[in-house]
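The values are calculated or read from the model by the stated rules, or taken from the named source; none is laboratory data. Since we're looking at a predicted model, the values are computed, not measured. Neighbour counts run over all protein chains shown; Cβ positions are idealised from the backbone, glycine included. For accessibility, only protein heavy atoms count, side chains too; no ligands or nucleic acids. Shrake-Rupley method; radii C 1.70, N 1.55, O 1.52, S 1.80 Å.
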Number of protein chains: 2
Amino acid sequence: MRARVLIRPKEGILDPQGVAVERALPALGFSGVANVHVGRLVELDVEDVSQLEAMCEKLLANPLIEDYSIERPDAAPQPQDAGPEAPRR
Amino acid sequence: MRARVLIRPKEGILDPQGVAVERALPALGFSGVANVHVGRLVELDVEDVSQLEAMCEKLLANPLIEDYSIERPDAAPQPQDAGPEAPRR
């Protein structure tokens, strides 16, 4: 089963790439852009979807400074989040 | 409007991070994993969604070696996240 893991810097953790993009866009003529965050995207085929959370904790993300969410585009139209989810910001 | 840009190495372009993850997972005891690809995730608030493609071409992605796709979690009943933002923990 195809799965997608989205990894983002945790709230409050410095996101220098996001800052760089947010500053660069106006310089390129794009306006009205805010709250830019840059993270990682991991897409993979897994046989056992229940292993995904452990994979994130152990390898894909750094749980100290990153949040992750797991989505299965094939499955139901709702992302499965690893863990209790809280709205950001 | 919140938007999400997913950037992946183009088909056939070397994806060393994906290879590294695919090799590391079995070593950590995870089996049944294949076709791992690692890309970037950019989440941002934009006023004019029609600018997004140009932003990707000019800054966010490298169109020579990367593909990108634009998603709007608020819009279609696609992956629905917690509020106007992507879910976080």
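Summarising the amide proton neighbourhood of residue B:66: residues at separation of 5 or more, or on other chains, whose placed amide H is nearer than 5 Å comprise B:10. Position residue A:62: other-copy label points at 2.2 nm, ordered by increasing distance, label point 7 Å along Cα→C-beta. Our summary gives the range B:2-71 a relative contact order of 52 percent, counting only alpha carbon pairs under 8 angstrom and 6 or more residues apart. Using a simple spin-label model with pseudo-atoms 7 Å out from Cα toward Cβ, residue B:57 and residue A:23 lie 2.7 nm apart.
Taking a straight line from the alpha carbon of residue B:58, these lysines sit under 22 Å away, with near neighbours fewer than eight places off in the same chain left out: B:10. Per residue, the range B:1-53 exposes 51 Å² of accessible surface when a 1.4 Å probe is rolled over the protein heavy atoms with every protein chain present.
For the range A:1-37, backbone nitrogen atoms closer than 15 Å to the point 7 Å from residue A:74 Cα along Cα-to-C-beta are found at A:1-5.
Here the accessible area is traced with a 1.4 Å probe on the protein chains. For the range B:2-71, carbon and sulfur cover 53 percent of it.
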